[in-house]
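Read the structure below first, then the notes.
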Amino acid sequence: MSLVRLVRVCGIVGYVGHRPALDVVLGGLRRMEYRGYDSAGVAVLDGAGALTVERKAGRLANLEGRLDEVGRERFGGTAGMGHTRWATHGAPIDRNSHPHRDASERVAVVHNGIIENFAALRAELEADGVEMASDTDTETAAHLVARAYTEGDTKGDLTASVAAVCRRLEGAFTLVVTHADHPDTIVAARRSSPLVVGVGDGEHFVASDVAAFIEHTREAVELGQDQLVVITREGYDVLDFHGDAAQAKPFTVDWDLSAAEKGGHEYFMLKEIEEQPEALANTLRGHFESGRIILDEQRISDQDLRDVDKVFVVACGSAYHSGLVAKYAIEHWTRLPVEVELASEFRYRDPVLDRDTLVVAVSQSGETADTLEAVRHAREQKARVLAVCNTNGAQIPRESDAVLYTHAGPEIGVASTKAFLAQIAANYLVGLALAQARGTKYPDEVAREFAELEAMPAAVQKVLSTVEQVRDLGRRIADSKAILFLGRHVGFPVALEGALKLKELAYMHAEGFAAGELKHGPIALIEDGLPVVVVMPSPKGRAVLHSKLVSNISEIQARGARTIVIAEEGDETVRPFADELIEVPAVPTLLQPLVSTVPLQVLAAEIARARGYDVDKPRNLAKSVTVE
Ligand code: F6R
């Protein structure tokens, strides 16, 4: 059985070391706030056999207020764990918040994911006389661990008890477990849900995200599927769910704490918009050497790339829009048919795939459940899967044949910005690698395309130097009821992306259209004063499309629309039709989305600010969506 519902990744952190655990755990939870949550909790082992738990619905500040009320001195140990929850089973109220305990209050558990067989487990526990204190699936795990610890083969052995429980659980989970009898130990386990270990000096961490411990150590270990880790002050042991030693992958986190901080900006998103030139440069870095495109972690051979006869790009949201942009380039460069599909639709419609199909799975987080399922489906059909991902070691790259990391750095604002631009650039690298392997472009043409890509960070920097005008415009149109976005060719996915940004950040009705579709319906929406953003192609690069769009603008202007035109510098033809003109540098047509998207990101963020919304944490949304 698979539960179909939307679940966000909870934030999890566990610590055993020499510092006050409460401070470390709260610091870790703060760093993971971007994931979205509706309650928070902590548990601390005091070393003398006491396990103290506090949890509270709402923001972390509520929990901290509660800790002050009860007295933080009660949480005096150096081992503990914490959790930020996004409700799945049971409402976001105090008693459903994690950690959950067993009846004796000796065991505490935090959990991310869904225990799919929890109803049966709960019935079994209730039949045994256990009284449930919450409506959650997680609580069953606490009782099961406590029971395993007190009876049978696993009696008195916390690690074996947790392993035995994990073997019974169905679904996706990260579990972190403490027991008052073991004040210097934390046991954590994972299946299809993220868990990393932080390796410090005389201290160890477990977390759903390296951000939770990067302040303390950059040495990390990524746990594999169905693995369990036992951390103590001195070290860590990785086991499988049968208790046998297992191998996990050590790595060094290549971004520092300041990269995850706002860097003086009001919002992470604004900082991330500004980081786009650097993100693009990082995506491209090292991918062209000795006259050839190199896909660094390529495990698809040149011969396989030559055999490809069809490309699918599968992704969700903004990542999907990056695929729509890529279609124009990949088809043009390789003459291969490219289909771009929403990952949530892909596997349910029986797509035609075989071993000569290349499926490009694009995902910033690498955790998106729809995209992950699309990857699994494609691999079952023997297609080759290349992941384009921003998160090292995430599930999607792990399950793919090859991976191209975007190296855009951590993206904390929920709305994708720098990761989106990096995805476009990475998709282009895939297109060029295909063209190179298949010989549809000569080496000097590939080199020229790459050189044009390499010029893009400077072009984006130039756009950034002119955003004040866009901010001002944003404030002036912040009261609009709706905004429409129009584009043609690669400007069409840019229009879709502009509309998505506005919907998610400003909660404003927004639609993106292919401008040619106007007369087939959407023009009926035009009314006096309605802002319409038009993404113009270059008058030189795409003269025919340019003149068609000029006609579209004059049609909507005649019907009262307030036209906001994004056009190439020096495009005088469009000026008379633009109530507001936003100029972007002239760049090759296929690369235009890299510059024309930027003002739309700024516009959406500024409108959201003007309307008083939290730009980094739009309502109902979180950064990673890990269940379909
Ligand atoms: C929009 C946004 C989302 C994501 C989508 C896919 O600003 O951020 O639409 O693009 O949820 O997420 P990833 O790329 O992590 O698979």
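The values are calculated or read from the model by the stated rules, or taken from the named source; none is laboratory data. If you're wondering where the values come from, they're calculated on a predicted model, not measured in any experiment. Using ideal geometry, Cβ is built from the backbone for each residue, glycine included, and neighbour counts are taken over all protein chains shown.
Among the residues that make up region 135-153, is at least one of them at pLDDT below 95, surrounded by fewer than 23 Cβ atoms within 10 Å (Cβ to Cβ), among the β-branched types (V, I, T) and closer than 24 Å to K56 by Cα? Scanning region 135-153, I find no residue that is at pLDDT below 95, surrounded by fewer than 23 Cβ atoms within 10 Å (Cβ to Cβ), among the β-branched types (V, I, T) and closer than 24 Å to K56 by Cα, so the answer is no.
Rundown of residues vs (1) among the basic types (K, R); (2) crowded, with 19+ Cβ neighbours inside 10 Å; (3) in contact with a Gly (Cβ under 8 Å, 6 or more places away or on another chain); (4) farther than 22 Å from T138 by Cβ, yes/no style:
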position	(1), (2), (3), (4)
A188	no, yes, yes, no
S208	no, yes, yes, no
R218	yes, no, no, yes
E222	no, yes, yes, yes
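Taking region 265-309 only, how many residues are in a helix (DSSP H, G or I) and under 30 Å from L600 (Cβ atoms)? Steps first, answer last, please.
Filtering region 265-309 for residues in a helix (DSSP H, G or I) gives 268-274, 276-284, 302-307.
Retained after the next criterion (residues that are under 30 Å from L600 (Cβ atoms)): 268-274, 276-284.
Residues flagged as in a helix (DSSP H, G or I) and under 30 Å from L600 (Cβ atoms) within region 265-309 amount to 16.
Here is a list: V53, V24. Which entry is modelled with pLDDT of 95 or more and under 28 Å from R218 (Cβ atoms)?
Details: V53 fails: under 28 Å from R218 (Cβ atoms).
Testing whether each residue is modelled with pLDDT of 95 or more and under 28 Å from R218 (Cβ atoms) leaves just V24.
Look at (1) touching a residue at least 40 places away in the same chain (Cβ under 8 Å); (2) within 24 Å of D307 (Cβ to Cβ) and you find that R376 fails only one, number (1). Out of curiosity, is D616 crowded, with 23+ Cβ neighbours inside 10 Å and in a loop (DSSP other than H, G, I, E, B)? Criteria met by D616.
As a summary of the residue check, E411 satisfies the conditions (1) outside any loop (DSSP other than H, G, I, E, B); (2) of a type outside the set (K, R); (3) touching a residue at least 24 places away in the same chain (Cβ under 8 Å) except for the one numbered (1).
Restrict the check to region 460-469 and report whether at least one residue is outside any loop (DSSP other than H, G, I, E, B), closer than 29 Å to N620 by Cβ and either in contact with a strand residue (DSSP E or B) (Cβ under 6 Å, 6 or more places away or on another chain) or more than 16 Å from the ligand (Cβ to nearest atom) (or both). Yes, there is a match, as at least one residue in region 460-469 is outside any loop (DSSP other than H, G, I, E, B), closer than 29 Å to N620 by Cβ and either in contact with a strand residue (DSSP E or B) (Cβ under 6 Å, 6 or more places away or on another chain) or more than 16 Å from the ligand (Cβ to nearest atom) (or both).
Being of a type in the set (D, E), in a strand (DSSP E or B), farther than 17 Å from M32 by Cα and out of contact with any helix residue (DSSP H, G or I) (no Cβ under 6 Å at 6 or more places or on another chain): is that true of D184 here?
No, not satisfied.
Looking for whichever is buried (at least 17 other Cβ atoms within 10 Å of the Cβ) and either more than 17 Å from A108 (Cβ to Cβ) or in contact with a strand residue (DSSP E or B) (Cβ under 7 Å, 6 or more places away or on another chain) (or both) here; the options are A245, A160. Which one fits? Explain how you work it out, then say what you get.
Working: A245 fails: buried (at least 17 other Cβ atoms within 10 Å of the Cβ).
From the options A245, A160, the qualifying one is A160.
Can you name the residue in region 350-399 that is among the small types (G, A, S) and farther than 19 Å from S322 by Cα and, of all such residues, is farthest from the ligand (Cβ to nearest atom)? So the residue we want is A383.
Test I412 against the stated conditions and say whether it is within 25 Å of K503 (Cβ to Cβ), more than 12 Å from the ligand (Cβ to nearest atom) and either of a type outside the set (A, V, I, L, M, F, W, C) or in the same structural domain as M269 (by TED's automatic domain parsing) (or both). Considered against the rule, which asks whether it is within 25 Å of K503 (Cβ to Cβ), more than 12 Å from the ligand (Cβ to nearest atom) and either of a type outside the set (A, V, I, L, M, F, W, C) or in the same structural domain as M269 (by TED's automatic domain parsing) (or both), I412 comes out as no. Take V221 and tell me if it is outside any loop (DSSP other than H, G, I, E, B) and under 22 Å from V42 (Cβ atoms). It is false that V221 is outside any loop (DSSP other than H, G, I, E, B) and under 22 Å from V42 (Cβ atoms).
So is V533 within 30 Å of K623 (Cα to Cα) and either surrounded by 20 or more Cβ atoms within 10 Å (Cβ to Cβ) or assigned by TED's automatic domain parsing to the domain that holds K418 (or both) or not? Show your work before the answer.
On the way: within 30 Å of K623 (Cα to Cα): yes; either surrounded by 20 or more Cβ atoms within 10 Å (Cβ to Cβ) or assigned by TED's automatic domain parsing to the domain that holds K418 (or both): yes.
The answer is yes for V533.
I'm trying to understand the selection: among the residues of region 317-344, which are in contact (Cβ under 8 Å) with a residue 40 or more places away in the chain, aliphatic (A, V, I, L, M) and more than 16 Å from the ligand (Cβ to nearest atom)?
Initial filter on region 317-344 (in contact (Cβ under 8 Å) with a residue 40 or more places away in the chain): 317-326, 328-330, 332-336, 344.
Still in the list and also aliphatic (A, V, I, L, M): 319, 324-326, 329-330, 336.
If the condition is that a residue be in contact (Cβ under 8 Å) with a residue 40 or more places away in the chain, aliphatic (A, V, I, L, M) and more than 16 Å from the ligand (Cβ to nearest atom), then A329, I330, L336 are the ones that fit.
Conditions (1) without any contact (Cβ under 8 Å) to a residue 60 or more places away in the chain; (2) more than 16 Å from the ligand (Cβ to nearest atom), marked per residue:
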residue	(1), (2)
T573	yes, yes
L581	yes, yes
A586	yes, yes
T597	no, no
Q601	no, no
A604	no, no
A610	no, yes
K617	no, no
N620	yes, no
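The set of residues in region 32-58 that are closer than 18 Å to H111 by Cα and not in a strand (DSSP E or B) comprises M32, E33, Y34, R35, G36, Y37, D38, G58.
Name the single residue, out of those in region 341-400 being part of a helix (DSSP H, G or I) and hydroxyl-bearing (S, T, Y), that is nearest to the chain's Cα centre (by Cα). Give the steps one after another, and end with the answer.
Quick first cut of region 341-400, residues part of a helix (DSSP H, G or I) only: 343-349, 369-380, 395-398.
Next cut, hydroxyl-bearing (S, T, Y) only: 344, 348, 371.
On the way: S344: 16, Y348: 23, T371: 11 Å.
Among those that are part of a helix (DSSP H, G or I) and hydroxyl-bearing (S, T, Y), it is T371.
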